[in-house]
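Encoded as structure tokens, the structure appears first; notes follow it.
Laboratory data are not the source of any read-out in this text; all were calculated from the coordinates shown. Everything numeric in this text was worked out from a predicted model, so none of it was measured. Backbone-built Cβ (ideal geometry, glycine too); neighbour counts: all protein chains shown.
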Amino acid sequence: MSVDTPVRPDPEAGDRPSLTVTTPNARRRALISRIMSGALFLAVMAAVTPLAILLWQTLSNGWGPFSWEFLTTIEPLSYRETGGGYLHGIVGTLYMTGVAALISVPLGLAAAVYLTERPKGRYASIVRFFTDVMTGVPSVFVGLAVYALLVSGSGGLGLGFGTLAGAASLAIIMLPIVVRSSEEMLRLVPGDLKQAAYGLGARQWQATFKVTLPAAAPGLTTGVILAVARGAGETAPLILTALGAREVVLRLTGAPQADIGLLMLDGFRQPFEGGIERAWAGGFTLILITLGLSIIARMIARRSQI
Amino acid sequence: MDPRTSTARDLDPAPMAPIRAEHRPASAEDADTSPVDVHVTLDEVSVHYGPFTAVRDVSFDVHRNSITALIGPSGCGKSTLLRTLNRMNDLVPGATTSGSVTYNGEDIYAEEVDPVEVRRRIGMVFQKPNPFPKSIYDNVAFGPRLNGTKRGLDELVEHSLQRAALWDEVKDKLSQSGLSLSGGQQQRLCIARAIAVNPDVILMDEPCSALDPIATLRIEELMKDMASEYTIVIVTHNMQQAARVSDRTAFFTVDMDNERQDRTGVLVEIDQTDTIFTNATDPRTEGYITGRFG
């Protein structure tokens, strides 16, 4: 045989069967694959359906009563009256969520930095254990604890109901989320980068503040925003701490504060059309707030470089 | 006296470690650098990770303004040893170093020595290019800024990038991310970043293993060029690279203890690169270099 005429195997004559001949159980395997794909699709649909129903309910009922007036006026004194809005609740929710973020974000980031810089530190396992437990604590109980510690005059600080007490309870709800998501994000920063910083003569705090935190910044922001969104949607911990108000409250302490969730609770519990309509619009507003925050978070996360 | 030795003399009240026979210049081309100017000395250096000994009893000298290559099979502890030279091993939990490493006559493991100061004098370039997710400018300015330098940063950045043979390629895009560069450019950026801190020893841990042959060639040329100003110690898996760039080569191997199931890195020999590659004293060196094991 000459070198320049390569042997081409003949599919008919070769000792290997043609590629068009399949193995005996191929048909069965293809069938199982198709069934499994279908089952998974159904499972995904089942998981998404409740969310879709929830969104549809809120949109269809809340869109009608939602208006500029709803955002800029306060609720009429009687639940029977239609019109008016949740300005006081929106202000209260944003106010308390903002103060809660100011409390929980620095604390949570600091704890996360500690957990990543000293993963086997003396307090690391304690911090991890408590953040895990705090994630599971019923939020109404958080409100009760803050009531006993801050609001109540007997045994507590006696601050009374108000913005600060509400914000404190929201901060407790948000803290473990900030810690956990920030820890995950800081862990994603490649060790190479820290090594490089140390190799250039950085001290530990310099490596943390100038390399690790900036590299993780988009991810950290995402986690923080999601925690804020979670806090903004909470109602139960505010029942015993903010209490609720019927006007716009700007004081930090000394006066009960309003909240969208609390107003919705009140509105739905009355048998009057006006109150119920406003409650639906309130739900719509809350979804707008949390959805907006989540979308911002996703957009920032996409810009991440790690 | 050679002016380059003056710093070492000023800092070192004790006499230099005796120069061993292997350091005496053997060939004519070494005669003009005589007497040998020792920059870093390792004396009986061992590194342990917990109960495990990674490297045992390594002693050799690193000559000033020359390139020393550390070669040997995987697991022989050459990277570990490299990281003892600027105390990067301090950052590994459980790692302990014994013996002494002397830089310009000072023990870098002495109690009153700050490891951060050591790392500012003895810079490091890593295996994988690892620029910070910052602009090219900020990458180079990172080290000087750590020390509080604010004035003259522009000149320093330009000089460092020029020294790393990267300036012409990046001078119009200093504000772009360091990650936008190619792998070879990123590695040169990392070299520029290391230079900017003004070290006089630069450690390179397989700096070309993640690069293509052309980028590798550029880094090698750069290293040879830098050797006039810096003392370079390079770990490489690539024996041809060691032969191409280094003045001296240290060959390490793994000492197996079958009873204790222990693998420990040991230094077999160190000599002029020519000698190691053509006329090695130890049969293990020749065996490794000719490809009989490793």
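Tabulated data
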item: Inter-chain Cβ neighbour average for residues A:186-198, partner chain, 10 Å; result: 4
item: Hypothetical label at A:GLU69: residues of the range A:85-105 whose amide nitrogen lies under 17 Å (7 Å Cα-Cβ projection); result: A:85-88
item: Signed unit charges on C-beta, dipole axis of the range A:68-302, positive-most listed residue A:GLY231, A:ILE295, A:PRO190; result: A:PRO190
item: Relative contact order computed over the range A:78-168 (Cα-Cα under 8 Å; 6+ residues apart), in percent; result: 29 percent
item: Distance in nm between pseudo-label sites at A:ILE53 and B:GLU158 (7 Å out along the Cβ direction from Cα); result: 7.0 nm
item: Relative contact order %, the range B:39-289, counting alpha carbon pairs below 8 Å whose residues are six or more apart; result: 27 percent
item: On Cα atoms only, tilt of B:136-146 relative to the major axis of chain B in degrees; result: 70 degrees
item: For the protein assembly as shown, share of DSSP beta bridges that run antiparallel, in % to the nearest 5; result: 60 percent
item: Burial order of peptide ranges B:255-263, B:238-246 (average beta-carbon count within 10 Å, highest first); result: B:238-246, B:255-263
item: For chain A, calculated [θ]222 nm from helices alone, where every DSSP H run of n ≥ 4 adds -39500 (n - 2.57); result: -21500 deg cm²/dmol
item: Other protein chain Cβ atoms within 10 Å, averaged over every residue that makes up A:200-212; result: 5
item: Number of partner chain Cβ atoms within 10 Å, mean per residue of B:123-134; result: 5
item: Shape of the range B:110-157, Cα gyration tensor, a/c cut at 1.5; result: oblate
item: Whichever lysines have a C-alpha closer than 27 Å to that of A:LYS194, once near sequence neighbours (fewer than 8 apart) are set aside; result: A:LYS120, A:LYS210, B:LYS78, B:LYS128, B:LYS134, B:LYS150, B:LYS171, B:LYS173
item: Bridge type composition, the range B:39-289 - antiparallel percent by DSSP, nearest 5; result: 60 percent
item: Nitroxide proxy distance, nm - points 7 Å out along Cα→Cβ at A:ILE295 and A:THR20; result: 5.4 nm
item: Between 0 and 90°, nearest 10: helix B:213-226 axis offset from chain B longest Cα axis; result: 90 degrees
item: Residues of type aspartates and glutamates that B:LYS224 reaches as a straight line, Cα spacing below 17 Å, ignoring anything fewer than 8 places off in the same chain; result: B:GLU29, B:ASP30, B:ASP200, B:ASP205, B:GLU206, B:ASP247, B:ASP274
item: Relative contact order %, chain A, counting alpha carbon pairs below 8 Å whose residues are six or more apart; result: 25 percent
item: Counted charge near A:LEU213, where neighbours are those whose Cβ lies closer than 12 Å (Asp, Glu -1; Lys, Arg +1); result: +1
item: Overall form of the protein assembly as shown per C-alpha gyration tensor (a/c, 1.5; a/b vs b/c); result: prolate
item: Selection from B:GLN186, B:THR102, B:ILE270, by position along the positive dipole direction of the range B:39-289 (Cβ); result: B:GLN186
item: Size of charge dipole - the protein assembly as shown - debye, nearest 20, with Cβ of Lys, Arg +1 and Asp, Glu -1, no other charges; result: 2400 debye
item: Gyration tensor (alpha-carbon) shape descriptor, the range A:40-179, a/c threshold 1.5; result: oblate
item: Label point distance in nm, A:TYR114-B:VAL36, each placed 7 Å from Cα along Cα→Cβ; result: 5.2 nm
item: Förster radius 30 Å - calculated FRET efficiency between B:SER175 and A:LEU188 (Cβ-Cβ, nearest 0.05); result: 0.75
item: Packing-based order for A:18-31, B:193-206, using average beta carbon neighbours within 10 Å, highest first; result: B:193-206, A:18-31
item: Mean ellipticity per residue at 222 nm, deg cm²/dmol - from DSSP H runs of n ≥ 4 across chain B, formula -39500 (n - 2.57); result: -9000 deg cm²/dmol
item: Degrees, to the nearest 10: B:153-163 long Cα axis against longest axis of chain B; result: 50 degrees
item: Debye intensity ratio I(q)/I(0), log10, the range A:68-302, q values 0.15 Å⁻¹ (C-alpha model); result: -0.99
